[in-house]
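The values are calculated or read from the model by the stated rules, or taken from the named source; none is laboratory data. What you see is a predicted model; the values in this text were computed from it and never measured. Here Cβ is always computed from backbone atoms with ideal geometry, including for glycine, and neighbour counts include all displayed protein chains.
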Amino acid sequence: MSPSPNDQAMRLPLPTDGPLEAPAEWQELRRKCPVATVELPSGDKAAYLTRYDDIKALLSDPRFVRPTAADGAARIAPEGAGGPVANGDASLAIADRGEAHLRWRRHIGKYLTAKRVTALRPGMTAIAESLVDNLVDQGQPGDLKATVGFPLPVYVICDLLGAPAEDRDRFSHWSDAFLNISRYTTEEARESYTEFAEYMSALIAAKRAEPGDDLIGNLIKDSTEDGEGLSDDLLLNTGMGLLVAGHETTANMIGKMVSMLLADRTRWERLLADPSLVRTAVDEVLRFDANFGFGVRRYLGEDVEVGGELLPGGTTVVCSLSAANRDEQVFADPGEMDLTRAPNPHMTFGAGPHACLGQSLARTELQVVLETLLRRLPTLRLAVPVEELQRVEGLLVGGLRTVPVRW
Amino acid sequence: MKVSVDEAKCCGAGQCVLLAPEVFDQRDDDGIVVLLAPEPAPDQHSNVREAAAVCPASAITLHEAP
């Protein structure tokens, strides 16, 4: 691994000057130390990449995948923190590499295509409208994160899975318990997993008896026709995977998106004047988010050269997607938020064969929330000074504890 | 402008379809890219360039006339 200044490994997460600011170290690292040594909260060490080209090349290399417990790779969180998701628990029966992974990915991918997601737009808009109603009914100031950001993605996933609307809030709770490493103990996370597994088993049995036109129902129908037959375990873990990948990430992003756009209210006013900028604005806030978590991990099963440096097999690499998103070699004025930026090849959804499968879904959810808020609450503003917003470190993605707003 | 796509690289993100639906589609059975217009009309060129630039799998190649 590369030598770091004074042999002192930097600790992740890196400190920042404000809740929405990028760490000052990123620019320095990209210039002088593109392969740095860092210490994760677990105490384990990893190689930390910050340049766009290095990260894109590594993530595009099909030889390297996310580490699992069996690799003996660096762990994010200390032993005992987090639930079954935290350290790549083997109970997640979805193959994470090779042909089996590709097959699973394509089974799910067909339900997350641009066209299918576009067809979900009216349903998402109805959900966003009703959540904004709740925000207004609860009075000012309201917490946009708790009232809109947190429920919306889980409601969309419930619709996608074919879970009845009255069970949405149970899904919210389970998902939070799987992922919120600071609020729940390992025991609570495991209990939630058991409840979720029981619920999903009953749902899967019902869908096997009478498959509806939803993701689980269609997976059952397709796999029966293929003669492959997806097991109940795989269906359960598909549901789990959608919550893990699609809830905390999007929920936090909704809160951060609104905060970034209101932090300098000329941004909000620009969107009010020209709502056609919503598409590029959403991708620009995705690029600009400096609190996206530690980054994507890769375990090196063999030696590989990164940025002119040889990284030995056995190394765990952490790719800082947010640092790459501010690489001046790729983005003009990377420190400026440009709501019209296009093309915007940010790497917030990763790159290569494991790039986020739900990115059309996530983009569409963010666009729908933003359009709905601009239309319904044009006078929206932060109810506290930006610097009083508090960051939280999630397992997969960082966020803000609350997003207090007035309108 | 001529466009080619690499199905083996495609990760099914669907960005190309959102940006240039007249040029790109996704297969119904697995979400992998389908090229509808290998030589897109000039009014599509800017969307196609954007789609190629943001493709997370770098699966779209453009051959622009010199």
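The table that follows gives values for the structure above.
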item: Meets criteria (loosely packed, with under 14 Cβ neighbours inside 10 Å and either β-branched (Val, Ile, Thr) or within 11 Å of chain A (Cβ to nearest Cβ) (or both)) for residue B:46; result: yes
item: Test: residue A:109 is closer than 24 Å to residue A:397 by Cα, in contact (Cβ under 8 Å) with a residue 12 or more places away in the chain and either of a type in the set (Phe, Trp, Tyr) or within 14 Å of chain B (Cβ to nearest Cβ) (or both); result: yes
item: The lone exception for residue A:378 - which of (1) in contact with a Leu (Cβ under 6 Å, 6 or more places away or on another chain); (2) assigned to a helix (DSSP H, G or I) it fails; result: (2)
item: Test: residue in the stretch B:55-65 that is without any contact (Cβ under 8 Å) to a residue 40 or more places away in the chain and either within 14 Å of chain A (Cβ to nearest Cβ) or of a type in the set (Phe, Trp, Tyr) (or both); result: no
item: Residue check for residue A:206: among the hydrophobic types (A, V, I, L, M, F, W, C), surrounded by fewer than 19 Cβ atoms within 10 Å (Cβ to Cβ) and part of a helix (DSSP H, G or I); result: yes
item: Search result, residues across the stretch A:346-375 that are part of a helix (DSSP H, G or I), within 12 Å of chain B (Cβ to nearest Cβ) and of a type outside the set (Gly, Ala, Ser); result: A:353, A:354, A:359, A:361, A:363, A:364, A:367
item: Looking only at the stretch A:149-167, and only at residues there that are part of a loop (DSSP other than H, G, I, E, B) and in contact (Cβ under 8 Å) with a residue 40 or more places away in the chain, the one that is nearest to residue A:252 (Cα to Cα); result: A:150
item: Some residue of the stretch A:112-132 being modelled with pLDDT under 90 and under 30 Å from residue A:300 (Cβ atoms); result: no
item: Top-ranked residue of the stretch B:33-43 - restricted to ones that are closer than 30 Å to residue A:225 by Cα and surrounded by fewer than 19 Cβ atoms within 10 Å (Cβ to Cβ), ranked as farthest from the other protein chains (Cβ to nearest Cβ); result: B:35
item: Matching residues in the stretch A:38-53 - criterion: being surrounded by fewer than 22 Cβ atoms within 10 Å (Cβ to Cβ) and modelled with pLDDT of 95 or more; result: A:53
item: Only one of A:312, A:343, A:404, A:378 that is within 14 Å of chain B (Cβ to nearest Cβ) and surrounded by fewer than 23 Cβ atoms within 10 Å (Cβ to Cβ); result: A:343
item: Residue satisfying all of: in the stretch B:1-15; crowded, with 21+ Cβ neighbours inside 10 Å and either without any contact (Cβ under 8 Å) to a residue 40 or more places away in the chain or within 8 Å of chain A (Cβ to nearest Cβ) (or both); nearest to residue A:342 (Cα to Cα) among these; result: B:15
item: Meets criteria (in a helix (DSSP H, G or I) and away from chain B (no Cβ under 14 Å)) for residue A:117; result: no
item: Evaluation of residue A:297 against (1) of a type in the set (Lys, Arg); (2) in contact with a strand residue (DSSP E or B) (Cβ under 6 Å, 6 or more places away or on another chain); (3) over 13 Å from residue A:55 (Cα atoms) (one fails), failing number; result: (3)
item: Residue count, the stretch B:16-31 (criterion: crowded, with 19+ Cβ neighbours inside 10 Å and either more than 27 Å from residue A:103 (Cα to Cα) or touching a Gly at 6+ places or on another chain (Cβ under 7 Å) (or both)); result: 2
item: Number of positions in the stretch A:54-67 that are buried (at least 16 other Cβ atoms within 10 Å of the Cβ) and either of a type outside the set (Val, Ile, Thr) or in a strand (DSSP E or B) (or both); result: 9
item: Every residue from the stretch B:16-27 that is under 17 Å from residue A:361 (Cβ atoms) and either of a type in the set (Val, Ile, Thr) or at the interface with chain A (Cβ under 7 Å from one of its Cβ atoms) (or both); result: B:17, B:18, B:26
item: Conditions (1) away from chain B (no Cβ under 12 Å); (2) more than 24 Å from residue A:47 (Cα to Cα); (3) surrounded by 23 or more Cβ atoms within 10 Å (Cβ to Cβ); number of the one not met by residue A:292; result: (2)
item: Unique residue being under 29 Å from residue A:76 (Cα atoms), outside any helix (DSSP H, G or I) and in contact with a helix residue (DSSP H, G or I) (Cβ under 8 Å, 6 or more places away or on another chain) when the list is A:170, A:183; result: A:183
item: Criterion violated by residue A:185 - all others in (1) more than 20 Å from the chain's Cα centre (by Cα); (2) within 15 Å of residue A:242 (Cα to Cα) satisfied; result: (2)
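One line per residue, one yes/no per condition, for (1) buried (at least 17 other Cβ atoms within 10 Å of the Cβ); (2) in a helix (DSSP H, G or I); (3) acidic (Asp, Glu):
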| site | (1), (2), (3) |
| --- | --- |
| A:189 | yes, yes, no |
| A:192 | yes, yes, no |
| A:198 | no, yes, yes |
| A:211 | yes, no, no |
